[in-house]
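The structure appears right after this line, and notes come after that.
The values are calculated or read from the model by the stated rules, or taken from the named source; none is laboratory data. This is a predicted model, so every value here is computed, not measured. Glycine gets a Cβ as well: all are built from the backbone with ideal geometry, and neighbour counts include every protein chain shown. Calculation scope for accessible area: heavy atoms of the full protein, side chains included, ligands and nucleic acids excluded. Shrake-Rupley method; radii C 1.70, N 1.55, O 1.52, S 1.80 Å.
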Amino acid sequence: MGPNDAELIQVYTRGLGKTIADVTFDSSTDFEVVVETEAGTALFGLGGAFTVDIVVRDLTANDNIPYTPGPIKDTLGKPTWPAEGNSFVFRVRSADLATRKGHLCEVHAYLLVGISNFDSSFGRSRTFLIQP
């Protein structure tokens, strides 16, 4: 990556508080979505504005699943993005999974850096299953 670039590296799902990616989740427990990003040295040093957000899509029901904390908007170098490489963690709550047993889902994520003419990138997680 160049010094003036930013990139969404990967998106994956994992169990709550776990470190390894997973693709099956029990509907009675929360799980996490991790969005890994990187900013080049020059861009990071300038402290540019950024937005990271996701859409958790239930492919079976053809709708979206709520998550927290919602879009993350801040400035590079702040506590939300303290180093050139960073991970953002979103939480999907079990209360929003109870009616989704046996459903296939996936996450779409995006990164925007800048105020206009954004340096943008996006990614998609592996398809995952809410266990019946």
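Restricting attention to the stretch 75-116, the residues that are farther than 30 Å from residue 46 by Cβ, polar (S, T, N, Q) and open to solvent by 50 Å² or more (accessible area, probe 1.4 Å) total 1. Could you go through the stretch 17-38 and let me know if any residue there is touching a strand residue (DSSP E or B) at 6+ places or on another chain (Cβ under 9 Å), within 17 Å of residue 80 (Cα to Cα) and open to solvent by 60 Å² or more (accessible area, probe 1.4 Å). Yes: the stretch 17-38 contains one or more residues that are touching a strand residue (DSSP E or B) at 6+ places or on another chain (Cβ under 9 Å), within 17 Å of residue 80 (Cα to Cα) and open to solvent by 60 Å² or more (accessible area, probe 1.4 Å). If you go through the stretch 1-20 and keep only what is under 13 Å from the mean Cα position of the chain (by Cα) and either in contact (Cβ under 8 Å) with a residue 24 or more places away in the chain or in a loop (DSSP other than H, G, I, E, B) (or both), you end up with 7, 8, 9, 10, 11, 12, 13. The strands (runs of 3 or more DSSP E) falling completely within the stretch 47-132 that include 3 or more residues that are of a type in the set (D, E, K, R) and at pLDDT 95 or above map to 49-58.
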